[in-house]
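Colleague: After the structure tokens below, expect a handful of questions from me.
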Amino acid sequence: MLKEALFTILLAIAACVISHAQQDESKRQSPAAQARCKFSGGKTITVNYSSPRMRNRRVFGELVPYGKVWRAGANEATTFVTDESLITVEGTNVPAGSYTIFAVPNPDKWTVIINRHTNEWGIPYKYEAEELARVPASVTKLPSPVEDFTISFDHTGGSCTMRMSWENTQASIEFTEKNTDLPVYSGNQK
């Protein structure tokens with residue numbers, strides 16, 4: 001009888017552990033989100049990230065310190081996958097592939113880090129040797145607060161502008177389809 005009771009208790013504990021482990025990611029405090037931009041030829045940029053909430057907190061300068069590497073979201077590092085070779089406005093070449101993106105926010109400028117290391121939790125950032133590039137992003141103040149951290153794309157012609165919006169800040173970086181007829185400046189590449 002004691003063995004049966006012990007077995008029943010262990011079975012119940014195992015069921016709880018499995019249930020918790022299989023918990024839907026959408027129930028996280030920072031649920032999974034995705035942004036996608038599709039070029040005219042069907043090639044895409046896909047960004048997968050976790051979307052933290054502001055929840056009456058001051059975000060930039062406090063929750064997300066200025067001048068420090070941030071995972072551009074929450075939980076696992078934000079992934080950036082492109083099946084098209086790209087060029088940033090500054091001329092950095094981004095070959096088709098899978099990357100993680102991080103950001104270094106500051107009040108008036110951000111730097112977006114494109115890193116070859118994937119499947120990373122996020123922070124602490126320790127993969128400087130695997131950086132593809134650090135690219136400046138333009139920063140604008142938003143007219144009203146954004147509660148949920150959001151990554152989105154605006155598509156115009158052969159370019160996709162990635163926008164990261166949260167609190168009262170929006171950082172933007174433009175990616176253009178690589179035209180193989182034009183030379184590529186590689187000054188920002190590592």
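The values are calculated or read from the model by the stated rules, or taken from the named source; none is laboratory data. Everything numeric here is computed off the predicted structure, so don't read it as measured data. Ligands, DNA and RNA are excluded from the accessible area calculation, which covers all protein heavy atoms including side chains. Shrake-Rupley method; radii C 1.70, N 1.55, O 1.52, S 1.80 Å.
Colleague: If you wrap region 41-190's Cα atoms in a convex hull and average its projection over all directions, what's the area in nm²?
Modeller: Taking the Cα atoms of region 41-190, their convex hull projects to 8.8 nm² on average.
Colleague: Turning to a different aspect of this structure: Please list, in chain and number order, the residues 5+ apart from Phe175 or on another chain whose amide H is under 5 Å from its amide H, with Hs placed from the backbone.
Modeller: Close amide H contacts, sequence-distant or interchain: Cys160, Thr161, Met162.
Colleague: For region 23-82, what does the accessible surface come to per residue with a 1.4 Å probe? Please give it in Å².
Modeller: 52 Å²
Colleague: Quick check: from the Cα gyration tensor, does region 49-105 come out rounded (a/c under 1.5), prolate or oblate?
Modeller: Prolate is the answer for region 49-105, as a/c is 1.5 or above and a/b outweighs b/c.
Colleague: Figure the gain on full extension for Val81 and Arg36 (residue separation times 0.36 nm, minus the Cα-Cα span) and round it to one decimal in nm.
Modeller: Taking Val81 through Arg36 to full extension adds about 15.2 nm, to one decimal.
Colleague: So, taking all protein chains as they sit and a 1.4 Å probe, how much accessible area belongs to Leu63, in Å² rounded to tens?
Modeller: Taking all protein chains as shown, Leu63 has close to 80 Å².
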